[in-house]
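A quick write-up on the structure given underneath.
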Amino acid sequence: MARSGKGYSPALDGLRGVFILLFIGYHFGLTQLDGMWVTINLFFVLSGFLIVRLLTAEQSRHGSIDVWDFYKRRIRRLVPALLAMLVAVMAWGALAAPEGVRRKLGGDVLATLGYVMNWRLIEQGDQYFGTAGGASPLRHAWTLAIEEQFYVLAPLVLIALYVLFRNRRISIAVLLVGAVLSAVWTAYLGFHDQSDYPRLYYGTDTRAQALFIGAAIGVLRAPKGKGRPPADLPMPIIWAGGLVGLVSSLICFVIITPYTGWMFNQGGMLAFGIGSALLVLACADPRPNPTRELFAWQPLAFVGERTYGLYLWHWPIYLALAETSIADNAVAIFVASMLLTVAIAHVSYTYLEQPIIQHGIRGILPSTRETVLASALPVALVAVLAVGLVQTAPEAERATPTTAVVDLPDVVDGQPAYAQGAPERIGVLGDSVPYFLAERFPPAQFPGVTVDNHAREGCDLLDEPISWAPGLSKKTEPWCVTQKKQWTADFANADDEVLLLFASPLVGLPHLVDGERLWLDDERFRTVITQRFETVYDQAMKAGATQVQIVNVPCRLPPDDIPDEVRAVLEAEPEMLAEYKDPEILNGLVKDWAEQHPDDVRVVDLDGALCSDGYPETLHGVQVYNDFLHFSPEVTPMLWKWLLGQVSTNYADR
């Protein structure tokens, strides 16, 4: 519950309730709420305010802060519900999660338990606004990590300020200087291209500006010695501040996009943090004012009390449902995700969180003595399970099919069949499209062939940066550079006979070539593409390949939920959108390049198989794509039946 200087403040809970509903609504598919990501800053301001106000009041009343008691209260409040969520996520990971998710889940659990998930995501180069496919069900734990890091430091910082200054005004000034320095540091790091985004979005130091602002108003509004309330702020400031904070939030939701550079480069997050602070001050003020009355509505306060559980559960629930049959119905998955999230959060709040807050472990296990050992046991149990999950996770997805290959329908009438053992080993190379195809390869349906996955999600075939828009590009990540050097050794060690190289729609997007933004209409860029094909061909032949087969790009249609950065590229020029829908130029390059190596390169015409009659929504009643780019898991076995027939035919013709 949120407490004001004179007791419980339902408006603060109502504020949280409104913003958490909007935030999870965005995650559940309301893509119109692009600017909702700035809401996280409001939550950081609110956390800084509530925690620092509580600690400052304790310091004023007793002349000291019981740091250990504060940590114990935070553990009681946060850890039990977190452990429950982690156990559920791990069970889902073991039973139903995609293999690419499950392989990383053990490390994600450990990072979440250690409250360092934000730095793990930075290290992985995780793009928060990338597709949900393959995302960790614990991605959202980055905010919990930052808040816990703040909880560890907050009492120590306040003690230091008290010892050094013993003056609230000076302490407030120091905290505000910290906010400004964090904003300056964020601008120094700078948002120049998409590769900068994880560091700026997830960084504790870049997000600290909101926590500093919240801490400053926490000191300002904390009760003084013997519980005396602070002096009231002038009512015009409360009225105007609440209105400014509310309007600035609404404006942000409308005008801010995930890649609005000035939010990072020109102090936008600092400005929003100040607006959030004004909103918090108006809601926390005990006197009647419009903002307080608006957010004090009981249903909103009810939701706000359950904010922690709503936040914990919403993302893993949504990802789990996205793997079910309702995933293709936007309304169904929104409603189901919302109902499940609210129900589980309410149960968690009523039967787990509140009993433990009030009575410790005895609140749920009355006969248990509350000892350090008893408190640490659940943490140790989850840690052991997480380590076990890391150790037992396989290297690649090997789903066991229930349908024999003869029961799979053909993609094309009369398509050739795979000749068992010809070839025996196929290496797959490319970006996320072939990566997920190879991850989902069903080996039991195709005896006599092994598919080795040398592709990597998020690793563009070209070395040049993708240019989403002028001034916004995505560099090749260091791990992708390493992969491009490593795959040939992996190919050779696996004794792969054929390289199945996938061209990609991403190759047909503008790239930066020697600092200039070029597209397929420029001969220089077409040369870059064919030279890359040539490099991969040379590498494959030196690694022992007997043949290279290159898969061309099928037609696609951009759906409503296409990522903003891709939409910006496609809508910039009609020619780009036309090429995305029907990649004639890129497939022409593929064909012309393959003809330069008539002895050991063949084209696998996936475009001809899928798009001879136009864009295919479904094949034999099965959805072809599960997003703007990737093939659905359900259609994957059918595609492999066709692909292996083509590979086998081409292999016989080598």
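Below is a table of values for the structure above.
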| read-out | value |
| --- | --- |
| Members of the stretch 178-217 found to be within 20 Å of LEU55 (Cα to Cα) and not small (Gly, Ala, Ser), listed by number | GLN209, LEU211, PHE212, ILE213, ILE217 |
| Verdict on GLN483 being surrounded by fewer than 21 Cβ atoms within 10 Å (Cβ to Cβ), at pLDDT below 85 and not in a loop (DSSP other than H, G, I, E, B) | yes |
| Residue count, the stretch 414-430 (criterion: modelled with pLDDT under 90 and either among the polar types (S, T, N, Q) or more than 14 Å from GLN646 (Cβ to Cβ) (or both)) | 2 |
| Residue satisfying all of: in the stretch 29-47; small (Gly, Ala, Ser) and touching an Asp or Glu at 6+ places or on another chain (Cβ under 9 Å); modelled with the highest pLDDT among these | SER47 |
| Selected residue (criterion: modelled with the lowest pLDDT) from residues of the stretch 642-654 that are over 35 Å from the mean Cα position of the chain (by Cα) and part of a helix (DSSP H, G or I) | ALA652 |
| Residues located in the stretch 460-474, provided they are part of a loop (DSSP other than H, G, I, E, B) and buried (at least 19 other Cβ atoms within 10 Å of the Cβ) | ASP460, LEU461, LEU462, GLU464, PRO465 |
| Count of the stretch 479-494 residues which are within 13 Å of LYS542 (Cβ to Cβ) and of a type in the set (S, T, N, Q) | 1 |
| Restricting the stretch 1-28 to residues that are more than 16 Å from SER47 (Cα to Cα) and part of a loop (DSSP other than H, G, I, E, B), the residue that is modelled with the highest pLDDT | PHE28 |
| Meets criteria (over 26 Å from PHE533 (Cβ atoms), in contact with a strand residue (DSSP E or B) (Cβ under 8 Å, 6 or more places away or on another chain), assigned by TED's automatic domain parsing to the domain that holds VAL498 and modelled with pLDDT of 85 or more) for VAL635 | yes |
| Which numbered condition LEU506 misses (of (1) in contact with a strand residue (DSSP E or B) (Cβ under 9 Å, 6 or more places away or on another chain); (2) modelled with pLDDT of 90 or more) | (2) |
| Residue check for LEU639: touching a residue at least 24 places away in the same chain (Cβ under 8 Å), closer than 23 Å to THR324 by Cβ and assigned to a helix (DSSP H, G or I) | yes |
| Extreme residue, farthest from ILE356 (Cα to Cα), among residues of the stretch 36-75 that are surrounded by fewer than 18 Cβ atoms within 10 Å (Cβ to Cβ) and among the basic types (Lys, Arg) | ARG61 |
| Failed item in (1) over 30 Å from PRO470 (Cα atoms); (2) in contact (Cβ under 8 Å) with a residue 12 or more places away in the chain; (3) within 32 Å of the chain's Cα centre (by Cα), with VAL247 passing the rest | (2) |
| Residue in the stretch 169-183 that is crowded, with 21+ Cβ neighbours inside 10 Å, under 13 Å from the mean Cα position of the chain (by Cα) and under 30 Å from LEU512 (Cβ atoms) present | no |
| Selected residue [in contact (Cβ under 8 Å) with a residue 24 or more places away in the chain, of a type outside the set (D, E, K, R), out of contact with any Asp or Glu (no Cβ under 8 Å at 6 or more places or on another chain) and under 30 Å from SER473 (Cβ atoms)] from ALA345, ALA322, ALA327, ALA277 | ALA322 |
| Those residues of the stretch 514-550 which are among the aliphatic types (A, V, I, L, M), in contact with a Pro (Cβ under 9 Å, 6 or more places away or on another chain) and without any contact (Cβ under 8 Å) to a residue 60 or more places away in the chain, in sequence order | LEU518 |
| Odd one out for ARG440, checked against (1) over 28 Å from SER612 (Cα atoms); (2) modelled with pLDDT under 90 | (1) |
| Strands (runs of 3 or more DSSP E) contained in the stretch 489-563 and holding at least 2 residues over 18 Å from GLN596 (Cα atoms) | 511-513, 516-518 |
| Boolean, GLY427 is in contact (Cβ under 8 Å) with a residue 12 or more places away in the chain and closer than 25 Å to PRO98 by Cα | yes |
| All positions within the stretch 144-167 that are surrounded by fewer than 18 Cβ atoms within 10 Å (Cβ to Cβ) and of a type outside the set (A, V, I, L, M) | PHE165, ARG166, ASN167 |
| Cross-chain or 6+ apart pairs with Cβ under 8 Å, the stretch 575-589 first and under 13 Å from VAL551 (Cα atoms), then of a type in the set (Val, Ile, Thr) | PRO583/VAL553; LEU586/VAL507; LEU586/ILE529; LEU586/VAL553; ASN587/VAL553; LEU589/ILE529; LEU589/THR530 |
| Tally of residues being among the charged types (D, E, K, R), outside any helix (DSSP H, G or I) and either surrounded by 19 or more Cβ atoms within 10 Å (Cβ to Cβ) or without any contact (Cβ under 8 Å) to a residue 12 or more places away in the chain (or both) across the stretch 606-636 | 2 |
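The values are calculated or read from the model by the stated rules, or taken from the named source; none is laboratory data. These numbers come from a predicted model, not from an experiment. FYI the Cβ positions are ideal-geometry reconstructions off the backbone, even for glycines, and counts take in every protein chain you see.
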